[in-house]
Amino acid sequence: MNIKLDKHTPDSLASLFVLLMEEGMTPNQILVGIIRLATDSKELEGTIVSADCIRFLLSTMPLDTSAPGVTGFVLSLAKEGVSSLMLLDALGFACYVCGLFDTASLLRLTYQRLQADKIISQMLRD
């Protein structure tokens with residue numbers, strides 16, 4: 001399986017997530033911040049199936065809120081222009097690097113579906 005980051009996702013995000021996971025963070029703990037960022041920023045608002053994609057992701061990867069510092073840090077990345085889709089892309093890649101192949105595949109498929117949904121929804125609005 002060959003996973004490549006989206007051209008808009010900084011490589012440093014994936015490296016950061018790899019380091020966090022090597023220090024004991026789980027993808028579920030990082031995902032809390034990504035979901036909160038998507039919700040708070042309303043980045044996916046107005047898209048057709050984004051809510052269903054997020055619900056499916058959460059049913060397979062339950063949120064782990066035991067790392068509020070990580071959540072706060074992920075939320076602060078929005079000030080640097082980082083989007084929830086970039087973070088989801090980077091987390092999927094980091095999971096792949098760390099050998100969490102099932103989680104990586106799930107995150108990658110969710111990312112691709114959300115990205116496609118965002119584009120299709122924009123086209124329908126135009």
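Looking across region 86-126 at every residue that is touching a helix residue (DSSP H, G or I) at 6+ places or on another chain (Cβ under 8 Å) and acidic (Asp, Glu), the one that is modelled with the lowest pLDDT is identified as 117. Evaluation of residue 47 against the conditions (1) modelled with pLDDT under 90; (2) under 14 Å from the mean Cα position of the chain (by Cα); (3) polar (S, T, N, Q) shows that the sole unmet condition is (2).
Residues in region 7-24 that are aliphatic (A, V, I, L, M) and touching a Cys at 6+ places or on another chain (Cβ under 8 Å): 18, 21. Would you pick out the residues in region 67-91 that are over 16 Å from residue 18 (Cα atoms) and in contact with an Asp or Glu (Cβ under 9 Å, 6 or more places away or on another chain)? Across region 67-91, the qualifying residues are 75, 78, 83, 84, 85. Taking the criterion of being at pLDDT 85 or above and buried (at least 17 other Cβ atoms within 10 Å of the Cβ), the residues of region 2-20 that qualify are 13, 14, 16, 17, 18, 20. In region 29-52, the residues that are among the acidic types (Asp, Glu) form Cβ pairs under 8 Å with partners that are open to solvent by 20 Å² or more (accessible area, probe 1.4 Å), at six or more places apart or across chains, as follows: 40/75; 40/78; 43/83.
Here is a yes/no grid of residues against (1) without any contact (Cβ under 8 Å) to a residue 60 or more places away in the chain; (2) under 20 Å from residue 33 (Cβ atoms); (3) open to solvent by less than 10 Å² (accessible area, probe 1.4 Å):
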{"residue": "81", "(1), (2), (3)": "yes, yes, no"}
{"residue": "89", "(1), (2), (3)": "no, yes, yes"}
{"residue": "92", "(1), (2), (3)": "no, yes, yes"}
{"residue": "97", "(1), (2), (3)": "no, yes, no"}
{"residue": "103", "(1), (2), (3)": "no, yes, no"}
{"residue": "114", "(1), (2), (3)": "no, yes, yes"}
{"residue": "120", "(1), (2), (3)": "no, no, no"}
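Restricting attention to region 21-57, the residues being more than 16 Å from residue 95 (Cα to Cα) and open to solvent by 50 Å² or more (accessible area, probe 1.4 Å) number 12.
Within region 111-126, the set of residues being polar (S, T, N, Q) and in contact with a Ser or Thr (Cβ under 9 Å, 6 or more places away or on another chain) comprises 121, 122.
The values are calculated or read from the model by the stated rules, or taken from the named source; none is laboratory data. Not measured: the values here are computed from a predicted model. Cβ atoms come from the backbone with ideal geometry, glycine included; neighbour counts cover every protein chain shown. Calculation scope for accessible area: heavy atoms of the full protein, side chains included, ligands and nucleic acids excluded. Shrake-Rupley method; radii C 1.70, N 1.55, O 1.52, S 1.80 Å.
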